[in-house]
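Colleague: This is the structure I have questions about; it appears just below.
The values are calculated or read from the model by the stated rules, or taken from the named source; none is laboratory data. Everything numeric in this text was worked out from a predicted model, so none of it was measured. All Cβ positions, glycine included, derive from the backbone under ideal geometry; neighbour counts span all protein chains shown.
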Amino acid sequence: MHAIDLITADIPPLRPQDDIGRALDWMEEFKVGHLPVVEGQRLVGIVKDLDLVDRNDARAAVSAVMDSVEIPYARSGQHIYEVMKLFSERGLTVVPVLDDMGVYQGAITEHEALKRLAQVTNIQEPGSVVVLEMNQIDYSLHEIARLVEANDAKVLSVFTHVLPDSTRIEVTLKLNREDISDVLRSFERYEIFVKTAYQGSKLHDDLRGRYEELMRYINL
């Protein structure tokens with residue numbers, strides 16, 4: 001899934017001559033803290049709500065307060081993971097999208113990106129989650145998948161996280177089965193440390209509940 005697939009049609013870009021009052025009204029209406037500023041088909045800046053409020057002049061043009069240096073944006077072909085990294089690193093609520101020629105294509109909201117990421121990672125699919133811990137040198141996705149599939153299960157998604165100040169790695173697996181007791185026994189037999197395991201429909205309900213809570217929080 002790429003940036004072009006995540007664009008939210010409802011988010012209009014501002015023009016440099018639009019006034020701050022309009023920008024604040026749109027931010028409130030669309031529940032975002034940033035908006036792109038576009039002139040013609042070119043991205044020329046981005047504005048954030050705090051800067052607009054600090055200006056305290058609803059009739060002033062957004063060009064007076066927009067960031068025009070190092071404007072954050074995603075290329076239309078960038079993967080959703082790269083888009084999410086941009087949201088996280090820059091603290092954005094909206095990411096503009098440009099094609100390879102620099103032409104403005106639209107904007108991605110944090111809400112839409114999170115919703116689509118949930119689809120990519122199969123969060124809402126029934127199944128189980130297993131968290132493994134091991135030395136980085138011992139990590140082999142091929143070997144882990146082999147053990148899972150030997151028990152007639154499938155890995156729906158996998159994430160790795162290097163533990164701080166150590167040579168250990170945490171591997172989180174989403175599996176397609178609710179009862180994975182045989183998979184856990186295989187890990188134990190091969191001396192793969194299972195840090196945590198969440199099995200069955202209770203996990204599915206909990207993940208769905210947490211996801212819905214996150215969406216409600218973003219929409220406030």
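Colleague: For Ser140, state whether it is farther than 20 Å from Tyr81 by Cβ and of a type in the set (Ser, Thr, Tyr). Talk me through it step by step, then tell me what you get.
Modeller: Working: farther than 20 Å from Tyr81 by Cβ: yes; of a type in the set (Ser, Thr, Tyr): yes.
For Ser140, the condition - farther than 20 Å from Tyr81 by Cβ and of a type in the set (Ser, Thr, Tyr) - is met.
Colleague: Going by the structure shown, is Arg185 within 28 Å of Met1 (Cα to Cα), modelled with pLDDT of 80 or more and surrounded by fewer than 15 Cβ atoms within 10 Å (Cβ to Cβ)?
Modeller: Working: within 28 Å of Met1 (Cα to Cα): no; modelled with pLDDT of 80 or more: yes; surrounded by fewer than 15 Cβ atoms within 10 Å (Cβ to Cβ): yes.
Taking the combined requirement at face value, the residue does not satisfy it.
Colleague: Kindly evaluate Leu132 against the criterion of being outside any loop (DSSP other than H, G, I, E, B) and either surrounded by fewer than 14 Cβ atoms within 10 Å (Cβ to Cβ) or at pLDDT 90 or above (or both).
Modeller: Values: outside any loop (DSSP other than H, G, I, E, B): yes; either surrounded by fewer than 14 Cβ atoms within 10 Å (Cβ to Cβ) or at pLDDT 90 or above (or both): yes.
Spelling it out, Leu132 is indeed outside any loop (DSSP other than H, G, I, E, B) and either surrounded by fewer than 14 Cβ atoms within 10 Å (Cβ to Cβ) or at pLDDT 90 or above (or both).
Colleague: So, Val37, is that one crowded, with 17+ Cβ neighbours inside 10 Å and in a loop (DSSP other than H, G, I, E, B) or not?
Modeller: Against the criterion (crowded, with 17+ Cβ neighbours inside 10 Å and in a loop (DSSP other than H, G, I, E, B)), Val37 does not qualify.
Colleague: Just to check your reading of the model, which residue among Val83, Val94 is touching a Gly at 6+ places or on another chain (Cβ under 9 Å), more than 20 Å from Thr172 (Cβ to Cβ) and among the hydrophobic types (A, V, I, L, M, F, W, C)?
Modeller: None of the other options fit; the residue is Val94.
Colleague: Of all the residues that make up region 106-149, how many are among the charged types (D, E, K, R), in contact (Cβ under 8 Å) with a residue 12 or more places away in the chain and more than 16 Å from Glu191 (Cβ to Cβ)?
Modeller: 5
Colleague: While we're looking at this one, here's another question. Do you know which residues across region 150-176 are under 25 Å from the mean Cα position of the chain (by Cα), assigned to a loop (DSSP other than H, G, I, E, B) and either without any contact (Cβ under 8 Å) to a residue 12 or more places away in the chain or within 16 Å of Pro126 (Cα to Cα) (or both)?
Modeller: Lys154, Pro164, Asn176
Colleague: Suppose we keep only residues that are outside any loop (DSSP other than H, G, I, E, B) and either surrounded by fewer than 17 Cβ atoms within 10 Å (Cβ to Cβ) or among the β-branched types (Val, Ile, Thr) (or both) within region 73-82. Which one would you say is farthest from the chain's Cα centre (by Cα)? Spell out the reasoning first.
Modeller: First, the residues of region 73-82 that are outside any loop (DSSP other than H, G, I, E, B): 74-75, 79-82.
Right, trim to either surrounded by fewer than 17 Cβ atoms within 10 Å (Cβ to Cβ) or among the β-branched types (Val, Ile, Thr) (or both) and you get 75, 79-82.
Details: Arg75: 16, His79: 11, Ile80: 7, Tyr81: 7, Glu82: 9 Å.
Top of the filtered list is Arg75.
Colleague: Can you pull out the residues in region 40-72 that are under 22 Å from the mean Cα position of the chain (by Cα) and either in a strand (DSSP E or B) or crowded, with 21+ Cβ neighbours inside 10 Å (or both)?
Modeller: Within region 40-72, the first condition is being under 22 Å from the mean Cα position of the chain (by Cα), and the residues that meet it are 46-49, 70-72.
Ile46, Val47, Lys48 - these are the residues of region 40-72 that are under 22 Å from the mean Cα position of the chain (by Cα) and either in a strand (DSSP E or B) or crowded, with 21+ Cβ neighbours inside 10 Å (or both).
Colleague: Identify, by number, the condition in (1) farther than 15 Å from His2 by Cα; (2) surrounded by 12 or more Cβ atoms within 10 Å (Cβ to Cβ); (3) free of Cβ contacts under 8 Å to residues at least 24 places away in the same chain that Leu86 doesn't meet.
Modeller: Answer for Leu86: the failing condition is (1).
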